[in-house]
Amino acid sequence: MKIVILTGAGISAESGLGTFRDTGGLWEKFKIEDVATPLAWAKNPELVLDFYNQRRQQVLEAKPNRAHTALAQLENHFDVSIITQNIDDLHERAGSTNVLHLHGEILKAKTSELSDQYFHIDSDLKLGDCCPLGKQLRPHVVWFGEAVPEMNTAENIVKDADLFVVIGTSLNVYPAASLIHNIKNKCKLVLIDPNDIKIKDSKCRFIKENATVGVPLLVNELLENSKIT
């Protein structure tokens, strides 16, 4: 069975990483246009770097939770692909090996001119930090107004799913939210989230729990039964 999993901020929030859109989230503390757009980068790159330096430090201090480790366990028994909207590396640290980051990775840097070359970073990124060709490095994060380079790859992955599991995301962030429309008719769909999510698919199964509760429940069921009943 091919299992494809889409994760959002909700799964990382239980590791202490702040969400962006919830009440008290990062976008209530920072203006998107000041720190997360190409124009912000052109206008005040130092502020943008500082914002993402804080995010990077939080990621380095965070640890995978029960939801991350439960998903990693699935790889021992099924063909599993994880598509994440998160820029942290908690899935990888938990043991998942097939992870596609739609919105980039906070522990990598790139330049606008060399967008297909990435450099690992685990400390603050500052003005004057350059690639070997002397170009200023920026966070490897997809900003508002930029294309999502991995979207086509994600769509192709989802098309092959026998089970599509959506965890910790409101399905309000596009284009990632559109992935749910790419599943085949016979694909089973499960949503794990404590909040109400409006979806038209009548066959969808809801597990109204936080990720650290709902994901282990589903994983244990899959391991015991090899199918969703």
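The values are calculated or read from the model by the stated rules, or taken from the named source; none is laboratory data. Everything numeric in this text was worked out from a predicted model, so none of it was measured. Heads up, the Cβs are rebuilt from the backbone with ideal geometry, glycines too, and the neighbour counts pull from every protein chain shown. All accessible areas refer to the heavy atoms of the entire protein, side chains included, with ligands and DNA or RNA removed. Shrake-Rupley method; radii C 1.70, N 1.55, O 1.52, S 1.80 Å.
Excluding Y118 itself, calculate the net charge of residues whose Cβ lies under 15 Å from the Cβ of Y118, where each Lys or Arg counts +1 and each Asp or Glu counts -1.
-3
Full-extension gain between K135 and C204, please, as 0.36 nm times their residue separation minus the C-alpha to C-alpha distance.
20.1 nm
Per residue of the stretch 182-198, what does 6.51 cos²θ - 1.76 cosθ + 1.60 with θ = phi - 60° give for ³J(HN,Hα)? Whole Hz please, x for Gly and Pro, Karplus curve as stated.
Going residue by residue, I get 9, 6, 6, 4, 8, 6, 7, 10, 10, 10, 10, 6, x, 9, 6, 10, 7 Hz, with x marking Gly and Pro.
Under the 0.36 nm per residue contour assumption, what length would be gained going from the current alpha-carbon distance of I32 and K2 to full extension?
Between I32 and K2, full extension yields 7.2 nm more.
Taking the Cα-to-Cβ direction at E46 and at N185 and moving 7 Å from each Cα, how far apart do the two end points lie in nm?
With each label point 7 Å from Cα toward Cβ, the separation is 6.0 nm.
Carbon and sulfur together cover what percent of the accessible area of the stretch 1-113 at a 1.4 Å probe radius?
Reported share for carbon and sulfur atoms: 47 percent.
Around L100, which amide H atoms from residues at least 5 apart in sequence, or from another chain, sit under 5 Å from its own amide H, with H modelled in the peptide plane?
The list, which skips near neighbours in sequence, is I82, I83, T84.
For every other residue with a beta carbon closer than 14 angstrom to the beta carbon of V213, add +1 if it is Lys or Arg and -1 if Asp or Glu, then tell me the sum.
-2
Roughly what % of Cα-Cα distances in the chain sit above 22 Å, to the whole percent?
Result: 52 percent of Cα pairs exceed 22 Å.
Which Rg and Dmax, in Å, describe the Cα atoms of the stretch 49-128?
Over the stretch 49-128's Cα set, Rg and Dmax evaluate to 14.1, 47 Å.
Could you work out the local net charge near A40, counting Lys and Arg as +1, Asp and Glu as -1, over the other residues with Cβ closer than 14 Å to its Cβ?
Around A40, the surrounding residues sum to -2.
So what's the Cα pair-distance distribution over the stretch 1-114, bin width 5 Å, in %?
Taking every Cα pair in the stretch 1-114, the percentages come to 2, 11, 19, 22, 18, 12, 9, 5, 2, 0.
Which of the lysines could a cross-linker bridge to K63, judged by Cα under 22 Å and excluding same-chain residues fewer than eight apart?
K108
Aspartates and glutamates near K31 by alpha-carbon distance under 19 Å, same-chain residues fewer than 8 away left out - which ones?
By straight Cα distance, K31 reaches D22, E46, D50, E146.
In the chain, which longest range has no trypsin sites (Lys or Arg not before Pro) that are both DSSP loop (not H, G, I, E or B) and surrounded by at most 16 other Cβ atoms within 10 Å?
So the longest stretch without any such site is 32-125.
HN-Hα J couplings of the stretch 145-152 from phi, Karplus 6.51/-1.76/1.60, θ = phi - 60°, integer Hz, Gly and Pro as x?
Ordered by residue, 3J(HN,Hα) equals x, 9, 5, 9, x, 8, 5, 4 Hz.
Report the label-to-label distance for V173 and E146 in nanometres (one decimal), using points 7 Å from each Cα along the Cα→Cβ vector.
1.4 nm
Calculate, for the chain, the solvent-accessible area per residue in square angstrom, rolling a 1.4 angstrom probe over the heavy atoms of the protein chains.
That works out to 51 Å² for each residue.
Provide Rg and Dmax in Å for the stretch 127-229, with only Cα atoms included in the calculation.
Values for the stretch 127-229 (Cα only, Rg and Dmax): 17.9, 57 Å.
Please give, to one decimal in nm, the separation of the simple spin-label points placed at D124 and N76, each 7 Å out from Cα toward the Cβ.
4.2 nm
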